[in-house]
1. For the range 1-36, enumerate the residues that are among the charged types (D, E, K, R) and surrounded by fewer than 21 Cβ atoms within 10 Å (Cβ to Cβ).
2. Which numbered condition trips up L74, out of (1) under 17 Å from the mean Cα position of the chain (by Cα); (2) open to solvent by 20 Å² or more (accessible area, probe 1.4 Å); (3) more than 29 Å from D166 (Cα to Cα)?
3. Have a look at R29, R104 and point out the one that is farther than 18 Å from N2 by Cα and out of contact with any strand residue (DSSP E or B) (no Cβ under 8 Å at 6 or more places or on another chain).
4. Which pairs turn up if I take residues in the range 205-218 that are modelled with pLDDT under 95 and look for partners that are open to solvent by 30 Å² or more (accessible area, probe 1.4 Å) with beta carbon separation below 7 Å, at least 6 apart in sequence or on another chain?
5. Of all the residues that make up the range 32-75, how many are out of contact with any helix residue (DSSP H, G or I) (no Cβ under 7 Å at 6 or more places or on another chain) and over 27 Å from K204 (Cβ atoms)?
6. So is S48 open to solvent by 10 Å² or more (accessible area, probe 1.4 Å), part of a loop (DSSP other than H, G, I, E, B) and of a type in the set (S, T, Y) or not?
7. Any idea which residue in the range 150-168 is nearest to S85 (Cα to Cα), counting only those that are assigned to a helix (DSSP H, G or I) and open to solvent by 30 Å² or more (accessible area, probe 1.4 Å)?
8. For the range 116-131, enumerate the residues that are in a loop (DSSP other than H, G, I, E, B) and buried (at least 16 other Cβ atoms within 10 Å of the Cβ).
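The values are calculated or read from the model by the stated rules, or taken from the named source; none is laboratory data. This one's a predicted model, so the numbers in the text were calculated from it and none came from an experiment. All Cβ positions, glycine included, derive from the backbone under ideal geometry; neighbour counts span all protein chains shown. Just the protein is used for accessible areas: all its heavy atoms, side chains included, with ligands, DNA and RNA removed. Shrake-Rupley method; radii C 1.70, N 1.55, O 1.52, S 1.80 Å.
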Amino acid sequence: GNMSLSYGDTKDSLNNRKAFLGPLGIDYRDLVCARQAHSSNIRYAKVSDRGSGALSYATAIPDTDALLTDRENLPLAVFTADCLSIFLYDARRPAIGLIHSGWRSTKENITAKAIKLMQELFDTEPESLSLSFGPVIRSCCYEVGSDFGEIFPGDLIKSGSSYYLDLANINKKQALGSGVKDENIFDPGVCTSCRNDEFFSFRKEGKDCSRMISVIMLAS
């Protein structure tokens with residue numbers, strides 16, 4: 001069901017969050033959510049941020065597309081429907097991060113910036129960082145204009161007269177370039193457009209599309 005309080009039919013969104021997160025031991029009222037802006041703005045989530053955007057979109061942290069924290073029992077959340085969610089976990093600190101990355105955030109190197117900030121805030125060692133991708137529209141379905149070649153030189157995939165983009169692969173390259181080991185990156189390879197019967201897809205459904213939720217939390 002829809003997990004967003006700002007897109008799609010939101011009447012059941014809070015109940016959907018409660019039903020999904022409850023069995024995981026996460027209180028939906030504790031979520032730290034952002035008003036995602038397709039930027040590379042990253043926010044350290046404090047205990048005082050608990051509940052931001054949990055019950056109302058208006059209370060979400062503004063203009064932010066990545067959240068980091070080392071606080072226990074503070075669940076971070078992002079919302080997607082074709083964009084990429086990226087989970088970061090530093091078991092040594094421990095510390096976590098969660099990124100929302102569409103093509104604009106990817107262009108601004110949000111993954112590399114988040115890893116760098118984790119190094120600064122938590123003394124994270126990139127080679128010990130674990131990174132995982134959520135479902136995302138893949139290159140099989142993400143058709144873009146040829147002008148994207150100027151934005152992502154060398155990363156467009158040409159098929160016939162069409163061009164396609166692989167957001168997951170570009171963000172993976174950012175992680176590898178930041179020192180994350182390839183064996184510590186998990187990509188399930190799930191395409192939201194191909195599997196629109198299971199996942200929301202903005203490309204398939206349009207502006208009234210609902211949103212999925214990605215959540216990460218350090219348990220005590």
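1. Within the range 1-36, D9, K11, D12, K18, D27, R29, D30, R35 meet the criteria.
2. So L74 meets the others, but not (2).
3. The conditions single out R104.
4. Between residues of the range 205-218 that are modelled with pLDDT under 95 and residues that are open to solvent by 30 Å² or more (accessible area, probe 1.4 Å), the close pairs are D208/G8.
5. Within the range 32-75, residues that are out of contact with any helix residue (DSSP H, G or I) (no Cβ under 7 Å at 6 or more places or on another chain) and over 27 Å from K204 (Cβ atoms) number 16.
6. No: the conditions fail for S48.
7. I151
8. Those that are in a loop (DSSP other than H, G, I, E, B) and buried (at least 16 other Cβ atoms within 10 Å of the Cβ): T124, L129.
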